[in-house]
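No value in this document is a laboratory result; all are computed from the given coordinates. Because the structure is a prediction, the values reported are computed rather than measured. Because the Cβ atoms are built from the backbone with ideal geometry, glycine has one as well, and the counts that use them run over all protein chains shown.
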Amino acid sequence: MKKDDLIAPGHRTCAGCGPAIATRMMLRATGKNVVLCHATGCMEVTTTQYPTTAWKVPWIHVLFENANSVASGVREALDAQGKEDVHVIAFGGDGGMADIGLRAMSGLFERGHNILVVIYDNEAYMNTGIQRSGSTPWQAATTTTPAGKVSKGKEQWKKDMIAIAVAHHVPYAATASIAFPFDLEKKIKKALSIKGPKFIQIHTPCPVGWYYSSEKTVEVAKLAVDSKMWALYEVENGVKKLTYKPKETPVADYMKLQKRFRHLSEEDIKEYQKRVDENFDKMFDGRQ
Amino acid sequence: MCRSMSCKMHKKRNRTKIILKIRDKMVKKNMQILEGSRAAAEAVVLCKPALTVAYPITPQTHIVEDIAKFIADGKLTAKHIEVESEFSAMSAAVGGSAAGSRVFTATSSQGLALMNEVLFAASGMRLPIVMQVVNRALSAPINIWNDWQDSISARDSGWLQLYCETAQEVVDTTIQAYKIAEDNNILLPIMVCMDGFFITHTLEPVELPEQKNVDKFLPKYKPTHVFLDPEKPMTQGPFAFPKPYMEMRKQLSDAVDNSDKMIKKVHDEYAKTFGRKYGNGLIDEYKNKDKKTAIITMGSLAGTVREAVDAKDDISLVRIRSYRPFPKKELRKALKNADTVIILEKNIALGTGAGALYDEVRSTFYDEDGKKKILGVVCGIGGSEVTVEDVKDIAEISKKKKNGDIWWLMK
């Protein structure tokens, strides 16, 4: 924790909270000339218990699904006030942004507001108690996709938000991870240097929801990237580029740290590895 | 042979005379014949919002089309967002208002229903947003015509609701609404309600106030309670545990209740400046002195009732202009001498057997229950016709009804 961090210590996130790390890193990259428009979620409820606040930047929360449309209004109002230089960020978890807030995000992208949209992706509805979201990975167990005698957790593949953003012709879209702080910082800074709608999705492990020991957050995040469960790349003006070459660690190494995958058999994990490899190859045309 | 006004030539000449007279009067008073929607949009221009947000829905569309045109022509200098839903329309309005700008939006029916969650946030965050609501029925079945179910269903959202009888009143009320909403003792959002089609799609003579006079009446919006400024970081929309939550809800409730004085004050000030008034700002009485039977209603239906009152000596009109806050005190005073009160309303509070106004009026007179005959008529649902003859009939029928009777005007 740096003394001049723009999110103050003492907030109520869990020990080892991935989103809290992502938030701190993001704000180090933005500097203080920013307005944060926050969706309901973990980082929101843990940081603003009235009458306290952890935020040293102007910050607004309205509802779960409208951070993107609130940000649109904030952006245009600030522009009307001649404050075009102030950055506006729409910020929220995967539930608030990629599921219930997707329409509003699509609207923001299509209208082309000068806003950076950032998702902290902890791959389920953690604030309400680990229910599945569209961003939950295939076969992860959550409280609403429990593993059981006849179930292997979530049945669907993780939603591809970068592709959705790119389909709106945003000039810049990128993934990031809390295990790669310099990459994350660079991407935030690059995004903010571009006028128009930008999108960054940060992979943020959650010790409570993924069931791993809280000191392992960064280790889990790094394994996600090295095992190709989460690729680090950017799409600038439609051109896709890997920003980190994964070490091709087996997915099993990533999974064995987390109880959300513990129901999978060796056979299942073999199949999982196959799908992850195929998916990665498809995304990057076999180039690595 | 020409002996009377029924002569064709005379009739024509006379009509021309009247038209010329009206025209002279209009020119003198800076009046124009405008569609209601156009008048509503012109009022918005006069208020100079920094941000307008819109999503189209019948019958609100003409308003937002006119505003878009005014912006395209440079008549209104405002940022304009064409959002992807009404949910985002209200959300962007909240964002703009929280950033410290004067904002405007308009909606109707399903659109207002879709905004519902954001309405509560807007009032809870004490943002003085003004929204024109074009009243239209709610699905299902889908119906684009007028009743009040949409805004009545949002009555507990913490928004003030002012219902207009004419396009002129929409103009005047929109300007007043910003002044009321932005007052430091109020800081509440306001719905300016108007009947779909009856007001929005008909032509009326309307006087538009001069810009310089509106500027004087409604100065620039400079909020001190909300802003989003990196130099002075503020956290808006925090999380509150039960105790502070309840305290804030109490403050909101008190603010809504106490806003009646400001509505009246701004209305009086407007009357002094621009020469037009609507009753006392909260209710509008018509030929209500010493009448035993009074008809309560809202919106453009009051115009129909006015004609019935003119044709029938024994009835009067008490129009509710401010539905939120509900003008209990004013109604008690206005209906002191009435022994029959008939409530005509275009909505139904399903499960209570009556319209929403009925229960509220009844509870207003609870202390003297039994002394007054209070009757409810649900009418005009989904655009159903209510004529002057209907109103006269209802007044006659009411003589045979007993206290507490409610019926639907089915034709």
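Please give the average number of partner chain Cβ atoms lying within 10 Å of the Cβ of each residue in A:103-115, rounded to a whole number.
Numbers: counts 5, 7, 1, 2, 10, 5, 0, 2, 6, 0, 2, 0, 0.
Mean shielding by partner chains, rounded to a whole number: 3.
Each of the peptides B:356-365, A:18-27, B:135-144 was scored by the mean count of other Cβ atoms within 10 Å over its residues; in descending order, highest first, they stand as A:18-27, B:356-365, B:135-144. With a Förster radius of 51 Å applied to the C-beta separation of residue B:140 and residue A:56, the computed FRET efficiency comes to 0.55.
So for each of B:331-341, A:88-98 I average, over its residues, the number of other beta carbons within 10 Å; can you give me the resulting order with the highest mean first?
In decreasing order of mean packing, B:331-341, A:88-98 become A:88-98, B:331-341.
The calculated Kirkwood hydrodynamic radius for segment A:18-283 is 18.6 Å, given to one decimal from all distinct C-alpha pairs. Say the dipole of chain B comes from +1 at the beta carbon of Lys and Arg and -1 at that of Asp and Glu; which of B:189, B:226, B:167 then lies farthest toward its positive end? Final value for the positive-end residue is B:167. Normalised by the number of residues in chain A, the mean separation of alpha-carbon contacts (under 8 Å, six or more apart) gives a relative contact order of 16 percent. With a Förster radius of 25 Å applied to the C-beta separation of residue B:16 and residue B:396, the computed FRET efficiency comes to 0.05. Using every alpha carbon pair in chain B, what percent of pairs falls into each 10 Å bin from 0 up to the bin containing the largest distance? Calculated P(r), rounded to whole percents: 5, 22, 31, 25, 13, 4, 1, 0, 0. Spin-label model, residue B:265 to residue A:245: label points 7 Å out along the Cα-to-beta-carbon direction sit 7.2 nm apart.
Consider a paramagnetic label point 7 Å from the Cα of residue B:389 along Cα→Cβ; state which residues of segment B:291-309 have an amide N under 18 Å from it. What the label zone holds, given the 18 Å backbone N cut-off, is B:304-309.
DSSP finds beta bridges in chain A, and of those with both partners inside it, around 30 percent are antiparallel. Among residues other than residue B:291 with Cβ under 9 Å from its Cβ, the summed charge is 0 (Lys and Arg +1, Asp and Glu -1).
Work out the mean other chain Cβ neighbour count within 10 Å for the residues of B:116-127 and drop it here as an integer.
Numbers: counts 0, 5, 6, 0, 1, 5, 1, 0, 1, 3, 0, 1.
Per residue, the number of nearby Cβ atoms from other chains is 2 on average.
Counting only helical runs of four or more DSSP H residues, what would the 222 nm mean residue ellipticity of the protein assembly as shown come to if each run contributes -39,500 (n - 2.57) and the total is spread over all its residues?
On the way: 23 runs with 269 residues, N = 699.
Dividing the helical sum by the residues of the protein assembly as shown leaves -12000 deg cm²/dmol.
How much of the DSSP bridge set in segment A:1-149 is antiparallel, in percent, rounded to the nearest 5?
Details: 2 of 15 bridges.
The answer is about 15 percent antiparallel.
How far, in nm, would the chain grow between residue A:155 and residue A:219 when pulled straight, counting 0.36 nm per residue and subtracting the alpha carbon separation? Walk me through the intermediate numbers first.
Details: separation 64, 0.36 × 64 = 23.04 nm, distance 2.62 nm.
Gain on extension, residue A:155 to residue A:219, equals 20.4 nm.
Using the Stokes-Einstein relation with a Kirkwood hydrodynamic radius computed over Cα pairs, the translational diffusion coefficient of segment A:1-47 at 37 °C and a viscosity of 0.692 mPa s comes to 290 µm²/s.
Grab the beta carbon distance between residue B:371 and residue B:329, set R0 = 30 Å, and tell me the FRET efficiency rounded to 0.05.
Values: r = 18 Å, r/R0 = 0.60.
My answer for the efficiency is 0.95.
Taking only the alpha carbons of segment B:39-160, we obtain Rg and Dmax values of 13.6, 41 Å in that order. With the simple spin-label model, which puts each label point 7 Å out from Cα in the Cβ direction, the residue A:263 to residue B:65 separation comes to 5.5 nm. Divide the volume of the convex hull around the Cα atoms of segment B:284-408 by the residue count and you get 98 Å³ per residue. Value of Rg to Rh for the protein assembly as shown, rounded to two decimals, is 1.07; Kirkwood radius and Rg both from alpha-carbon coordinates.
Across segment B:156-164, coupling constants 3J(HN,Hα) worked out from phi with the 6.51/-1.76/1.60 Karplus curve, θ = phi - 60°, read 9, 7, x, 8, 6, 10, 10, 9, 9 Hz, and Gly and Pro carry x. Inter-chain neighbour count for A:34-43: the average number of beta-carbon atoms from partner chains within 10 Å of each residue's beta-carbon is 3.
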